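Down below is the structure, laid out as structure tokens.
Only the coordinates and a few stated rules stand behind these numbers; no lab work does. Keep in mind that this is a model prediction, so the values were computed, not measured. Glycine gets a Cβ as well: all are built from the backbone with ideal geometry, and neighbour counts include every protein chain shown.
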Amino acid sequence: MKILYISPEVVPLAKTGGLADVAGALPKALKNIGHDIRVIMPFYKMTNVPGPKREVMTIKVNGETVEIFETKLPDTEVTVYLVAHDRFFGSRDCLYQVKGVDYPDNLERFALFCQVILPFCQALPWKPDILHGNDWQSALAIAYLKTLFKADPFFARTASVYSIHNMGYLGLFPKDKLPLTALGWDQFKPERLEFWGKISLAKAGLVYADVINTVSETYAKEIQTAEYACGLEGLMQGRQSDIYGIINGLDYDIWNPATDKNLPRRYSPATLTLKEENKLELQKQNNLPQNRDIPVIGMITRLADQKGFDILAGALPEIMKLNCQFVVLGTGDQKYHDLLQKLQQKYPEHIGVNLKFDAILAELIYSGADMFLMPSLYEPCGLGQLISFKYGNIPIVRRTGGLADTVHDYNPETKSGEGFVFSEYSSQALLDSVKRALELYKNKAAWNALQQKVMKLDYSWDASAKKYVALYVKALAKIGIAAL
Ligand code: ADP
């Protein structure tokens, strides 16, 4: 099958969150099972091109000239096309926003990115069987396939898949920008791209894709309910038979404490005590007392409401009184930067605060912490808990989305479960789970057995990649094409 995987971020080229991890790993897994998958993304100023790149062509769309380069994902034969445009991508310091404030021309930026994609395929020429869009930044490409290019014979046998990595980001823009998308005003209605008087670019994917999927089975059900659909429950319920859930995998070539070159000390289940060396280094870097017996709770996250910061804010002063340390790494909303900085001033012996994006420090936290906190309000899949498993951290999570699918509450009697889980979205429920985790930590044998168990869980991409192939087959069937 020929698949064009469209993503605004891809590891290791550019990343703000879990989508980048998926976009760097799923194509690799699909290539390994014999599919011709290629990736296309914008060429940002901070794009870290992992190897040689060469210019493929220059294309003119909408009066703008765009250069397209190609490179490969590291250690793979997966081609990545980079869409270069100086004003929109090459001269910006960040991907979508600075200090929590979106670039005002994000619609123009990502509309141009999407407008390039179909003419580029024709010019190559390379006829994809599947156009796979991810999140609102790539959704317009799917709408173009079904509108502007509907009658184009080149794409007559191309089906589309739209993956929702986070329903909370609808890609909302003022109505008067619609002409910049090259779509007509016939698209400005609630059953198409309109969302309460605005344009929602996510709807371009949700309305037009042949099939839709999201990154866990529970979240696939949740996004059809008023609580999680962010106002699109009607649309999602209408598309119920086209919505699937496939849990994300992890790229264990990257996320593996036995081979991770960035760790002070590498370890495996057989050499788990070496993990303590990383803990001592983590404590040192965070100016916390170095003590291998004090449990460290780690948290690596975007500082956004979605991640449960309001209930965490209520619980943290209590957590500071317990026998544990807390290390957080993240950037995002200013109010949470302020909150964490205040806590650090008040409890310097208990909390380490790192307000930045830092992939190396993230690995030190995964390898040095004992527990990993994810009190999310909602969580489409969550990668932190899967990475934590591999690094022998025990997740403390709220039962929602992918967290509900991957972490089950530990039962001290039967030893079933992989972490500590709470349901109610409250500071008290969070605190109770932290206390249960700290209690078990005192029982070294039980804690060690739980670590050994989670480290051996297999969330590699192999199984999920096969499910994506089945999804592509379903998308093709929707346009009347039998399995290739
Ligand atoms: P989301 O995609 O909602 O941000 P996920 O849990 O799916 O959340 O994925 C987050 C990914 O981004 C993980 O790989 C996590 O380690 C990483 N990450 C998040 N914030 C930071 C940060 N400040 N520094 C380094 N890595 C981060």
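How big is the dipole moment of the range 269-459 about its Cα centre under a simple scheme where the beta carbon of each Lys and Arg is +1, that of each Asp and Glu is -1, and everything else is neutral? Debye, nearest 20, please.
260 debye
In nanometres, what is the gap between the two model label sites at LEU274 and ILE294, each 7 Å from Cα along Cα-to-Cβ?
2.6 nm
Sorted by mean Cβ packing within 10 Å, highest first, what order do the peptides 251-260, 401-410, 301-310 take?
401-410, 301-310, 251-260
Counting only Cα, what are the radius of gyration and maximum Cα-Cα distance Dmax of the chain, in Å?
Over the chain's Cα set, Rg and Dmax evaluate to 22.6, 67 Å.
Quick one: if the Förster radius is 41 Å, what FRET efficiency do GLU413 and ASP75 give, using the C-beta to C-beta distance and rounding to 0.05?
0.35
Between ASP253 and GLU55, what length in nm is gained on full extension when 0.36 nm per residue of separation is reduced by their alpha carbon distance?
Extra length available between ASP253 and GLU55 comes to 68.4 nm.
What's the ranking of 456-462, 65-71, 378-384 by average number of surrounding C-beta atoms within 10 Å, highest first? Numbers along the way, then the final one.
Values: 456-462: 15.0, 65-71: 17.9, 378-384: 27.3.
Answer by packing, highest mean first, reads 378-384, 65-71, 456-462.
Find out how many positive minus negative residues lie around VAL56, taking Lys and Arg as positive, Asp and Glu as negative, among other residues whose Cβ is under 12 Å from that of VAL56.
Residues close to VAL56 contribute a combined charge of 0.
Using R₀ = 60 Å, calculate the FRET efficiency as 1/(1 + (r/R₀)^6) where r is the Cβ-Cβ separation of SER426 and ILE481; round to 0.05.
The calculated FRET efficiency here is 0.75.
Can you find, among SER160, ILE130, GLY401, the residue farthest towards the positive end of the dipole of the chain? Put +1 on the C-beta of Lys and Arg, -1 on that of Asp and Glu.
ILE130
Tell me the label-point distance for the pair TRP126, GLN334, using the 7 Å Cα-to-Cβ offset, in nm and rounded to one decimal.
Result for the modelled spin labels: 4.3 nm.
Given the -39500 (n - 2.57) contribution per DSSP H run of 4+ residues, what per-residue ellipticity at 222 nm results for the chain, rounded to the nearest 500 deg cm²/dmol?
Result for the chain: -10500 deg cm²/dmol, rounded to the nearest 500.
Each residue of the range 209-223 in turn: what ³J(HN,Hα) in whole Hz from Karplus with 6.51, -1.76, 1.60 and θ = phi - 60°, glycine and Pro shown as x?
Each residue of the range 209-223 in turn: 5, 5, 9, 10, 9, 9, 9, 6, 5, 5, 5, 4, 7, 4, 6 Hz.
Can you list the residues of the range 43-59 with backbone N under 19 Å from a point 7 Å past the Cα of ASP105, pointing along Cα to Cβ?
43-47, 59
For the range 431-479 and the range 7-72, what is the separation of their C-alpha centers, rounded to whole Å?
28 Å
For the pair GLN237 and LYS356, what calculated FRET efficiency results from E = 1/(1 + (r/R0)^6), where r is the Cβ-Cβ distance and R0 = 45 Å, to the nearest 0.05?
Rounded to the nearest 0.05, the efficiency is 0.65.
Structure shown: which of LYS99/LYS307; LYS31/LYS53; LYS415/LYS466; LYS60/LYS478; LYS346/LYS435; LYS321/LYS346 lie over 23 Å apart, alpha-carbon to alpha-carbon?
Values: LYS99/LYS307 17 Å; LYS31/LYS53 20 Å; LYS415/LYS466 31 Å; LYS60/LYS478 32 Å; LYS346/LYS435 21 Å; LYS321/LYS346 12 Å.
Pairs exceeding the cut-off: LYS415/LYS466; LYS60/LYS478.
Write out the trypsin sites (Lys or Arg not before Pro) in the range 62-112 meeting two conditions: DSSP loop, and at most 13 other Cβ atoms within 10 Å of their Cβ. List each step's numbers first, then the result.
Details: sites: LYS72, ARG87, ARG92, LYS99, ARG109; in loops: ARG92, LYS99.
Within the range 62-112, the qualifying trypsin sites (Lys or Arg not before Pro) (loop, at most 13 other Cβ atoms within 10 Å) are LYS99.
Just check the range 269-459 against the gyration tensor rule for me: Cα atoms, a ≥ b ≥ c as the square roots of the eigenvalues, rounded for a/c under 1.5, and otherwise prolate or oblate depending on whether a/b exceeds b/c.
Judged from the Cα gyration tensor, the range 269-459 comes out rounded (a/c under 1.5).
Please give the charge dipole size of the chain, origin at the Cα centre, charges +1 on K and R Cβ atoms and -1 on D and E Cβ atoms. Round to the nearest 20 debye.
400 debye
Return the distance in nm (one decimal) between the two label points of a simple spin-label model at ASP152 and GLU318, each offset 7 Å from Cα along Cα→Cβ.
With each label placed 7 Å out from Cα toward Cβ, I get 5.7 nm.
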